[in-house]
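Everything below concerns the one structure shown next.
The values are calculated or read from the model by the stated rules, or taken from the named source; none is laboratory data. All of these numbers come straight from a predicted model, not from anything done at the bench. With ideal geometry, Cβ positions are generated from the backbone for all residues, glycine too; neighbour counts draw on all protein chains shown.
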Amino acid sequence: MCPDPLLGKADSWYEEEMVFYFTSNVVSPPATLFMGRDKHENEDLIKWGWPEDVWFHVDKMSSAHVYLRLQKGQTLDDIPQTLLEDAGQLVKANSISGNKVNNVEIVYCFWGNLKKTAAMDVGQVSFHKDKEVRKFQVDRRSNEIVNRLNKTKTERNPDLRAEREDRDREEREEEKSRKRQEKLREKEEEKKREEEAKERSYTTLMTEQNMKSNKEEDYDSDDFM
């Protein structure tokens, strides 16, 4: 089970949610990394995450919950090493304990593999399937990477629930459109098959008529002789 992050006043409630966004330009198009201001924002990120979100955390230490939003259809194997390094450095830099030591291990998995129960403390998570959790090593802090990411940092008060609902609504519309296109293709293919069947039937009929006509001509010629 991963402990909650110790960012800022861990036991204080804020009137507004705050999420920090970072842009990683090591890939094209640029990737978005984001994290909650504290463990309370992490609760909402856990609750309203997207299937495309990949979660990062320092293993066995308190740290920020950093997310990477992939494109639809991408897998963990599609994340290049340079982007993993950016995410890992961001997690390490936002871990009070992890930022002070070398050789920390970063765990990551898709948001859908995060498990949250009522018995867990705020910000704590475990996993549905441990085998779907991956790990990599960050040897030491890279100020170059951290400074580059911090220069892109923006703060927003997003309505995470509304964003997720918009995402799901868009996906449903895309699925409806896909099914409509699929039905249209099926109708076009059926029409094409019917036309081809008619053409084959017509060709067969014409061939039979020609053969019959030829036989009749041969018979009349013999009878005349």
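Scan the range 56-68 and tell me whether some residue there is out of contact with any Gly (no Cβ under 8 Å at 6 or more places or on another chain), more than 20 Å from R156 (Cα to Cα) and modelled with pLDDT of 95 or more. Yes - at least one qualifying residue is present in the range 56-68.
Applying a threshold of 6 Å to beta carbon distances and a minimum spacing of six or more residues, or different chains, the list of pairs starting in the range 153-181 at a residue that is closer than 17 Å to N42 by Cα and ending at one that is outside any helix (DSSP H, G or I) and charged (D, E, K, R) reads N157/E16; N157/E17. Determine whether V122 is touching a strand residue (DSSP E or B) at 6+ places or on another chain (Cβ under 7 Å) and not in a helix (DSSP H, G or I). It is false that V122 is touching a strand residue (DSSP E or B) at 6+ places or on another chain (Cβ under 7 Å) and not in a helix (DSSP H, G or I). Of the residues that make up the range 25-44, is at least one modelled with pLDDT of 95 or more, farther than 20 Å from L160 by Cα and either charged (D, E, K, R) or in contact with a His (Cβ under 7 Å, 6 or more places away or on another chain) (or both)? No, the conditions are met nowhere in the range 25-44. For E188, the requirement of being among the acidic types (D, E) and either at pLDDT 75 or above or within 37 Å of the chain's Cα centre (by Cα) (or both) is met.
For the range 54-77, state whether one or more residues are among the aromatic types (F, W, Y), in a loop (DSSP other than H, G, I, E, B) and over 20 Å from R167 (Cα atoms). Within the range 54-77, none of the residues are among the aromatic types (F, W, Y), in a loop (DSSP other than H, G, I, E, B) and over 20 Å from R167 (Cα atoms). One residue stands out in the range 66-78 among those that are among the aliphatic types (A, V, I, L, M) and under 26 Å from M18 (Cβ atoms): the one that is surrounded by the fewest Cβ atoms within 10 Å (Cβ to Cβ), namely L70. When D130, D139 are checked against the criterion of being of a type outside the set (S, T, Y), at pLDDT below 95 and closer than 24 Å to S95 by Cα, a single residue qualifies: D139. For the residues Q89, Q137, Q181, the requirement of being of a type in the set (S, T, N, Q) and in a strand (DSSP E or B) singles out Q137. You will find that of K9, K47, the residue that is out of contact with any helix residue (DSSP H, G or I) (no Cβ under 9 Å at 6 or more places or on another chain) and either at pLDDT below 95 or crowded, with 22+ Cβ neighbours inside 10 Å (or both) is K9 and no other. Does any residue of the range 135-142 turn out to be touching a Gly at 6+ places or on another chain (Cβ under 7 Å), hydrophobic (A, V, I, L, M, F, W, C) and touching a residue at least 24 places away in the same chain (Cβ under 8 Å)? Taking every residue of the range 135-142 in turn, at least one turns out to be touching a Gly at 6+ places or on another chain (Cβ under 7 Å), hydrophobic (A, V, I, L, M, F, W, C) and touching a residue at least 24 places away in the same chain (Cβ under 8 Å).
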